[in-house]
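Below: one structure, written as structure tokens.
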Amino acid sequence: MKILYHHRIRSKDGQYVHIEELTNALKELGHEIIMVGPPAVQKEEFGAEAGMVAVLKKYLPKFVYELLELAYAVKDYANLVWAVRTHRPDCLYERYNLYVPSGIWLKRRFKLPMLLEVNAPLYDERKKYDGIALDRLARWAEHIVWRGADYVLPVTHVLAERIKLAGVPDARIVVIPNGINPERFSKIPKIDAAKTALGLSGRLVLGFVGFMREWHGIERVIDLVADNRDKNLHLLLVGDGPARASIEKRAKELAIEDRVTITGVVSRADVARYIAAFDVALQPEVVAYASPLKLFEYLALGRAIVAPASANIKEILRHEHNALLFDPKDRTGFYTAVRRICDDASLRARIAAEASRTIEALGLTWKNNATRVTNLFIQLGVKAG
């Protein structure tokens, strides 16, 4: 089938990974993908910001920026219409973004079966962290898209509950979590070789992958490393972010700079070889409705995971089975859990072994996700051939 894939992603980050992996999996199933979205993302390096858009968002009054977002939807709609007339797609798959009702307009005009992937309740998210000037317009833009799609595909059941509150019937909500591509992990070195390659041989490595924010609480791990110098602990942070400066400052204050490595942004192809050196993979905090990509990478490589016992995380992880979970409301919970898993080699080994079996047991691959997407389109009357 010909699938029109519609998005508004402008930066190469975790969002881009999701798009690329899912569309590649759909292509492997024999489908043709017609991509409509900002062309800038194809030119950026992995980890790059969204360029001029980020500048406009920073300096323009909120109401002006939001009106520009809606204006973009008009231009975007014209691009979608051109794509339909040129390629004659069978259906529409959209990655949801706020102030972009153009996909729904297209669905209504051309009667295209439509699946809507939702990774976050963007109205609530932006209102909480950035503020929204055009409140009614933003809420309308979100609800019209959620309610208008044939199926809405949230990445967690927690997010599904929020979508139900917006008036989307349960029968039209299908939860599809993130996944991994097993081939990307098939030739990764064993843990000892991975450590040696990074100059960490003999260390007990605590690792984190991602954009480091202040609320992640990684400074607490710095304290743990300092408190347990005898255990030869090393903290390996793969990525960058606004919390980097405070992490480096804390390590310097405690005189453990030699026990902390911050890689900065690394290419996507290299991330797995860093994770391969982890003894313990850290998920210090999590957005309540998210399906963190790093979590699936940790599982694919069989790392001993420490993560919060939040509802969305417990959709994938079980305490003392394939992860060690801690109470996110307990201020000492994360520190205590990390210390416990560092002190107990048998616990680390048992959790790592179960983690390595989780991907296959739960079918957490992009290929399985692509198959589910295909089957939903077939249910909507799209021919498989």
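In table form, for the structure just shown:
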quantity	calculated
In segment 164-196, the residues that are among the β-branched types (Val, Ile, Thr), in contact (Cβ under 8 Å) with a residue 24 or more places away in the chain and touching a Phe, Trp or Tyr at 6+ places or on another chain (Cβ under 6 Å)	Val174, Ile180
Output for segment 67-113, where each listed residue is small (Gly, Ala, Ser) and within 24 Å of Leu376 (Cβ to Cβ)	Ala83, Ser102, Gly103
Subset of segment 93-113 (residues that are of a type outside the set (Ser, Thr, Tyr) and over 22 Å from the mean Cα position of the chain (by Cα))	Pro101, Gly103, Ile104, Trp105, Leu106, Lys107, Arg108, Arg109, Phe110, Lys111, Leu112, Pro113
Top-ranked residue of segment 67-92 - restricted to ones that are in contact with a Leu (Cβ under 9 Å, 6 or more places away or on another chain) and part of a loop (DSSP other than H, G, I, E, B), ranked as surrounded by the fewest Cβ atoms within 10 Å (Cβ to Cβ)	Asp90
Asp240 closer than 30 Å to Glu117 by Cα and among the charged types (D, E, K, R)	yes
Test: residue in segment 151-167 that is under 18 Å from Ala288 (Cα atoms), touching a His at 6+ places or on another chain (Cβ under 9 Å) and among the acidic types (Asp, Glu)	no
Count of residues meeting criterion [within 30 Å of Tyr93 (Cα to Cα) and either touching a Gly at 6+ places or on another chain (Cβ under 6 Å) or of a type outside the set (Asp, Glu) (or both)] in segment 154-207	30
Pairs where the first residue, in segment 243-271, is assigned by TED's automatic domain parsing to the domain that holds Gly217 and the second is part of a loop (DSSP other than H, G, I, E, B) and surrounded by fewer than 16 Cβ atoms within 10 Å (Cβ to Cβ), C-beta under 6 Å, 6+ apart	Ala243/Arg213
Residue pairs meeting the criteria (Cβ under 8 Å; at least 6 apart or on separate chains; first over 17 Å from Arg184 (Cα atoms) and free of Cβ contacts under 8 Å to residues at least 40 places away in the same chain, in segment 357-383; second surrounded by fewer than 19 Cβ atoms within 10 Å (Cβ to Cβ) and aliphatic (A, V, I, L, M))	Ile378/Ala384
Ala288 vs. criteria closer than 25 Å to Leu237 by Cβ, in contact (Cβ under 8 Å) with a residue 60 or more places away in the chain and assigned to a loop (DSSP other than H, G, I, E, B)	yes
Every residue from segment 204-213 that is more than 18 Å from the chain's Cα centre (by Cα) and either closer than 17 Å to Thr263 by Cα or without any contact (Cβ under 8 Å) to a residue 40 or more places away in the chain (or both)	Val205, Leu206
Any helices (runs of 4 or more DSSP H) falling wholly within segment 303-379 and containing at least 3 residues that are of a type in the set (A, V, I, L, M, F, W, C), surrounded by 15 or more Cβ atoms within 10 Å (Cβ to Cβ) and at pLDDT 95 or above	345-362, 366-379
Sole residue being surrounded by 15 or more Cβ atoms within 10 Å (Cβ to Cβ), at pLDDT 95 or above and over 30 Å from Arg220 (Cα atoms), chosen from Val158, Val145	Val145
Search result, residues across segment 45-66 that are of a type outside the set (Gly, Ala, Ser), assigned to a loop (DSSP other than H, G, I, E, B), within 22 Å of Arg126 (Cβ to Cβ) and modelled with pLDDT under 65	Glu49
Residue among Pro169, Pro189, Pro182 that alone is under 19 Å from the mean Cα position of the chain (by Cα) and not β-branched (Val, Ile, Thr)	Pro182
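Each row is one residue, and each column tells you yes or no for (1) surrounded by 13 or more Cβ atoms within 10 Å (Cβ to Cβ); (2) more than 27 Å from the chain's Cα centre (by Cα).
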site: Asp227; (1), (2): yes, yes
site: Gly239; (1), (2): yes, no
site: Ser246; (1), (2): yes, no
site: Ala251; (1), (2): yes, yes
site: Asp258; (1), (2): no, yes
site: Ile262; (1), (2): yes, no
site: Ala269; (1), (2): no, no
site: Ala276; (1), (2): yes, no
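The values are calculated or read from the model by the stated rules, or taken from the named source; none is laboratory data. Just so it is clear, the model here is predicted, and its values are computed rather than measured. Quick reminder, even Gly has a Cβ in these numbers, built from the backbone with ideal geometry, and neighbours come from all protein chains shown.
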